[in-house]
Amino acid sequence: MTTGLAEYGRRSLYTKFTAQTAILRDVKDIPYAETINKAGALYGVSPELIAAVIKAESSFEPRALSKAGAYGLMQVIPDTWRFVNRQALICLGRHEGECSSACFYNPELNIAIGTCYLSQLAKRYDGNREWAVAAYNAGPGAVDKYGGIPPYAETTAYVVRVVDYWYQISEQLPPGGLAAANWEKIAWALGWSSVPTLLALLLAGRCLFQRYRGFHWR
(Lines give C-alpha, C1' and ligand atoms only; values in the text may rest on other atoms or scores of the structure.)
Protein backbone atom coordinates (compact mmCIF):
# COMPACT_ATOMS: atom_id res chain seq x y z
CA MET A 1 0.00 0.00 0.00
CA THR A 2 2.77 2.42 0.96
CA THR A 3 4.68 1.68 -2.24
CA GLY A 4 1.49 2.26 -4.23
CA LEU A 5 0.86 5.54 -2.43
CA ALA A 6 4.37 6.83 -3.13
CA GLU A 7 4.17 5.73 -6.76
CA TYR A 8 0.77 7.39 -7.19
CA GLY A 9 2.16 10.62 -5.76
CA ARG A 10 5.22 10.52 -8.02
CA ARG A 11 3.20 9.78 -11.12
CA SER A 12 0.81 12.68 -10.43
CA LEU A 13 3.69 15.07 -9.83
CA TYR A 14 5.73 13.93 -12.82
CA THR A 15 2.80 13.94 -15.23
CA LYS A 16 2.09 17.58 -14.46
CA PHE A 17 5.83 18.36 -14.49
CA THR A 18 6.33 16.91 -17.98
CA ALA A 19 3.20 18.59 -19.34
CA GLN A 20 3.94 22.02 -17.90
CA THR A 21 7.65 22.08 -18.78
CA ALA A 22 6.62 21.85 -22.43
CA ILE A 23 5.53 25.48 -22.02
CA LEU A 24 8.30 28.07 -22.38
CA ARG A 25 7.62 30.47 -19.52
CA ASP A 26 10.30 33.02 -18.71
CA VAL A 27 11.76 33.21 -15.23
CA LYS A 28 12.34 36.36 -13.23
CA ASP A 29 13.72 37.44 -9.87
CA ILE A 30 16.38 34.72 -9.88
CA PRO A 31 20.11 34.87 -10.73
CA TYR A 32 20.94 34.77 -14.45
CA ALA A 33 17.27 35.06 -15.40
CA GLU A 34 17.98 36.89 -18.67
CA THR A 35 20.61 34.34 -19.74
CA ILE A 36 18.33 31.45 -18.80
CA ASN A 37 15.40 32.90 -20.75
CA LYS A 38 17.61 33.48 -23.79
CA ALA A 39 18.95 29.90 -23.75
CA GLY A 40 15.46 28.49 -23.22
CA ALA A 41 14.10 30.33 -26.23
CA LEU A 42 17.09 29.34 -28.38
CA TYR A 43 17.00 25.60 -27.59
CA GLY A 44 13.30 25.15 -26.89
CA VAL A 45 13.65 24.31 -23.21
CA SER A 46 11.45 25.73 -20.46
CA PRO A 47 13.42 28.44 -18.61
CA GLU A 48 11.73 27.25 -15.43
CA LEU A 49 13.15 23.77 -16.01
CA ILE A 50 16.62 25.19 -16.70
CA ALA A 51 16.47 27.16 -13.47
CA ALA A 52 15.35 24.05 -11.53
CA VAL A 53 18.28 22.05 -12.91
CA ILE A 54 20.72 24.85 -12.04
CA LYS A 55 19.29 25.01 -8.52
CA ALA A 56 19.72 21.25 -8.10
CA GLU A 57 23.17 21.17 -9.68
CA SER A 58 24.95 24.19 -8.22
CA SER A 59 22.45 26.31 -6.30
CA PHE A 60 23.34 29.10 -8.78
CA GLU A 61 27.05 29.05 -7.88
CA PRO A 62 28.96 29.78 -11.13
CA ARG A 63 32.30 28.49 -9.77
CA ALA A 64 30.91 25.17 -8.54
CA LEU A 65 33.15 22.18 -9.18
CA SER A 66 32.11 18.64 -8.25
CA LYS A 67 34.32 15.75 -7.18
CA ALA A 68 33.50 14.14 -10.52
CA GLY A 69 34.89 17.16 -12.38
CA ALA A 70 31.62 18.81 -13.39
CA TYR A 71 31.85 22.56 -13.83
CA GLY A 72 29.77 25.64 -13.31
CA LEU A 73 26.11 26.45 -12.97
CA MET A 74 24.81 23.38 -14.79
CA GLN A 75 27.66 21.11 -13.68
CA VAL A 76 28.76 20.07 -17.16
CA ILE A 77 31.60 17.56 -17.39
CA PRO A 78 34.26 18.29 -20.07
CA ASP A 79 33.38 15.23 -22.19
CA THR A 80 29.74 16.30 -22.37
CA TRP A 81 30.83 19.87 -23.07
CA ARG A 82 32.97 18.78 -26.03
CA PHE A 83 30.23 16.45 -27.35
CA VAL A 84 27.60 19.21 -27.31
CA ASN A 85 29.98 21.90 -28.55
CA ARG A 86 31.00 19.84 -31.57
CA GLN A 87 27.36 19.62 -32.60
CA ALA A 88 26.05 23.05 -31.60
CA LEU A 89 29.28 25.08 -32.06
CA ILE A 90 28.42 27.19 -29.03
CA CYS A 91 31.98 28.21 -28.20
CA LEU A 92 33.16 28.41 -31.81
CA GLY A 93 35.49 31.34 -32.59
CA ARG A 94 35.95 32.45 -29.00
CA HIS A 95 39.46 31.02 -28.66
CA GLU A 96 41.97 28.66 -30.22
CA GLY A 97 42.18 25.03 -29.20
CA GLU A 98 40.04 23.11 -26.76
CA CYS A 99 37.78 24.75 -24.23
CA SER A 100 39.24 25.18 -20.76
CA SER A 101 37.95 25.94 -17.29
CA ALA A 102 37.60 29.58 -18.35
CA CYS A 103 34.87 28.43 -20.74
CA PHE A 104 33.35 25.93 -18.33
CA TYR A 105 32.89 28.57 -15.64
CA ASN A 106 31.48 31.21 -18.00
CA PRO A 107 27.78 31.49 -16.97
CA GLU A 108 26.50 32.29 -20.48
CA LEU A 109 28.41 29.42 -22.11
CA ASN A 110 27.69 26.97 -19.31
CA ILE A 111 23.96 27.63 -19.42
CA ALA A 112 23.98 27.38 -23.22
CA ILE A 113 25.83 24.05 -23.24
CA GLY A 114 23.74 22.59 -20.40
CA THR A 115 20.47 23.75 -21.95
CA CYS A 116 21.41 22.42 -25.39
CA TYR A 117 22.22 19.05 -23.83
CA LEU A 118 18.94 19.05 -21.89
CA SER A 119 17.13 19.79 -25.16
CA GLN A 120 18.85 16.84 -26.84
CA LEU A 121 17.83 14.54 -24.00
CA ALA A 122 14.20 15.73 -24.08
CA LYS A 123 14.07 14.98 -27.82
CA ARG A 124 15.70 11.59 -27.27
CA TYR A 125 12.91 10.64 -24.87
CA ASP A 126 10.05 12.11 -26.89
CA GLY A 127 9.44 15.03 -24.54
CA ASN A 128 9.49 12.97 -21.35
CA ARG A 129 11.32 15.50 -19.21
CA GLU A 130 11.52 13.39 -16.09
CA TRP A 131 13.56 10.89 -18.12
CA ALA A 132 15.60 13.74 -19.61
CA VAL A 133 16.39 15.01 -16.11
CA ALA A 134 17.36 11.49 -15.01
CA ALA A 135 19.64 11.17 -18.05
CA TYR A 136 21.18 14.55 -17.27
CA ASN A 137 22.28 13.06 -13.95
CA ALA A 138 22.99 9.41 -14.71
CA GLY A 139 23.60 9.51 -18.46
CA PRO A 140 21.30 8.38 -21.27
CA GLY A 141 22.83 4.90 -21.22
CA ALA A 142 21.39 4.24 -17.76
CA VAL A 143 17.93 5.52 -18.73
CA ASP A 144 17.99 3.41 -21.90
CA LYS A 145 19.06 0.34 -19.92
CA TYR A 146 16.18 0.58 -17.44
CA GLY A 147 13.58 2.09 -19.77
CA GLY A 148 13.05 5.03 -17.43
CA ILE A 149 14.52 6.56 -14.31
CA PRO A 150 17.28 4.16 -13.23
CA PRO A 151 16.96 2.74 -9.71
CA TYR A 152 19.98 4.61 -8.40
CA ALA A 153 19.47 6.39 -5.08
CA GLU A 154 21.38 9.44 -6.27
CA THR A 155 19.41 9.72 -9.51
CA THR A 156 15.96 9.19 -8.04
CA ALA A 157 16.74 11.76 -5.33
CA TYR A 158 18.05 14.13 -8.01
CA VAL A 159 14.87 13.88 -10.09
CA VAL A 160 12.80 14.53 -6.97
CA ARG A 161 14.86 17.66 -6.22
CA VAL A 162 14.56 19.04 -9.74
CA VAL A 163 10.80 18.41 -9.81
CA ASP A 164 10.32 20.04 -6.41
CA TYR A 165 12.47 23.02 -7.41
CA TRP A 166 10.46 23.38 -10.60
CA TYR A 167 7.21 23.52 -8.61
CA GLN A 168 8.75 26.21 -6.40
CA ILE A 169 10.15 28.28 -9.27
CA SER A 170 7.05 27.98 -11.45
CA GLU A 171 4.77 28.60 -8.46
CA GLN A 172 2.63 25.69 -9.61
CA LEU A 173 0.61 23.85 -6.97
CA PRO A 174 1.59 20.17 -6.84
CA PRO A 175 -1.25 17.62 -7.20
CA GLY A 176 -2.62 17.09 -3.72
CA GLY A 177 -0.57 20.05 -2.52
CA LEU A 178 2.41 17.79 -1.72
CA ALA A 179 5.93 17.95 -3.10
CA ALA A 180 7.66 14.82 -4.38
CA ALA A 181 9.84 14.52 -1.29
CA ASN A 182 6.75 14.68 0.94
CA TRP A 183 5.16 11.70 -0.80
CA GLU A 184 8.29 9.70 0.03
CA LYS A 185 8.11 10.80 3.68
CA ILE A 186 4.42 9.90 3.93
CA ALA A 187 5.03 6.46 2.45
CA TRP A 188 7.92 5.92 4.89
CA ALA A 189 5.81 7.09 7.85
CA LEU A 190 2.90 4.87 6.87
CA GLY A 191 5.25 1.96 6.47
CA TRP A 192 6.63 2.39 9.97
CA SER A 193 3.22 3.09 11.51
CA SER A 194 2.03 -0.28 10.24
CA VAL A 195 4.81 -2.11 12.11
CA PRO A 196 3.22 -1.87 15.61
CA THR A 197 -0.10 -3.05 14.18
CA LEU A 198 1.56 -6.01 12.52
CA LEU A 199 3.44 -6.94 15.68
CA ALA A 200 0.24 -6.69 17.74
CA LEU A 201 -1.56 -9.03 15.33
CA LEU A 202 1.31 -11.54 15.45
CA LEU A 203 1.38 -11.51 19.25
CA ALA A 204 -2.40 -11.88 19.45
CA GLY A 205 -2.29 -14.80 17.06
CA ARG A 206 0.47 -16.46 19.05
CA CYS A 207 -1.48 -16.08 22.32
CA LEU A 208 -4.64 -17.46 20.77
CA PHE A 209 -2.79 -20.44 19.37
CA GLN A 210 -1.05 -21.19 22.66
CA ARG A 211 -4.36 -20.95 24.52
CA TYR A 212 -6.60 -22.93 22.22
CA ARG A 213 -4.41 -25.46 20.45
CA GLY A 214 -5.21 -28.10 23.06
CA PHE A 215 -8.96 -27.55 22.97
CA HIS A 216 -11.22 -29.75 20.93
CA TRP A 217 -14.00 -27.65 19.48
CA ARG A 218 -17.32 -29.32 19.23
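Rundown of residues vs (1) assigned to a helix (DSSP H, G or I); (2) at pLDDT below 95, yes/no style:
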| position | (1), (2) |
| --- | --- |
| G93 | no, yes |
| G97 | no, yes |
| C103 | yes, no |
| C116 | yes, no |
| V133 | yes, no |
| K145 | yes, no |
| I149 | no, no |
| A157 | yes, no |
| R161 | yes, no |
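When you scan region 64-71, do you find a residue that is of a type outside the set (A, V, I, L, M, F, W, C) and farther than 22 Å from V159 by Cα, even just one? No, region 64-71 contains no residue that is of a type outside the set (A, V, I, L, M, F, W, C) and farther than 22 Å from V159 by Cα. Criterion first (in contact with a Lys or Arg (Cβ under 7 Å, 6 or more places away or on another chain), buried (at least 20 other Cβ atoms within 10 Å of the Cβ), under 21 Å from A157 (Cβ atoms) and of a type outside the set (D, E)) does A52 satisfy it? When the stated conditions are applied, A52 does not pass them. Restricting attention to region 41-53, the residues that are within 18 Å of the chain's Cα centre (by Cα) and not polar (S, T, N, Q) total 8.
Scanning region 74-131 for residues that are surrounded by fewer than 16 Cβ atoms within 10 Å (Cβ to Cβ) and more than 24 Å from V143 (Cα to Cα) turns up L89, L92, G93, R94, H95, E96, G97, E98, S100, S101, A102, E108. Taking region 22-65 as the range and being of a type in the set (A, V, I, L, M, F, W, C) and on the phi > 0 side of the Ramachandran plot as the test, only F60 passes. Within region 49-73, being assigned to a loop (DSSP other than H, G, I, E, B) and more than 14 Å from I113 (Cβ to Cβ) holds for S59, F60, E61, R63, A64, S66, K67, A68, G69.
The values are calculated or read from the model by the stated rules, or taken from the named source; none is laboratory data. It should be emphasised that the depicted structure is a prediction, and the values quoted were computed from it without experimental measurement. Glycine also receives a Cβ, built like all others from the backbone with ideal geometry; neighbour counts cover every protein chain displayed.
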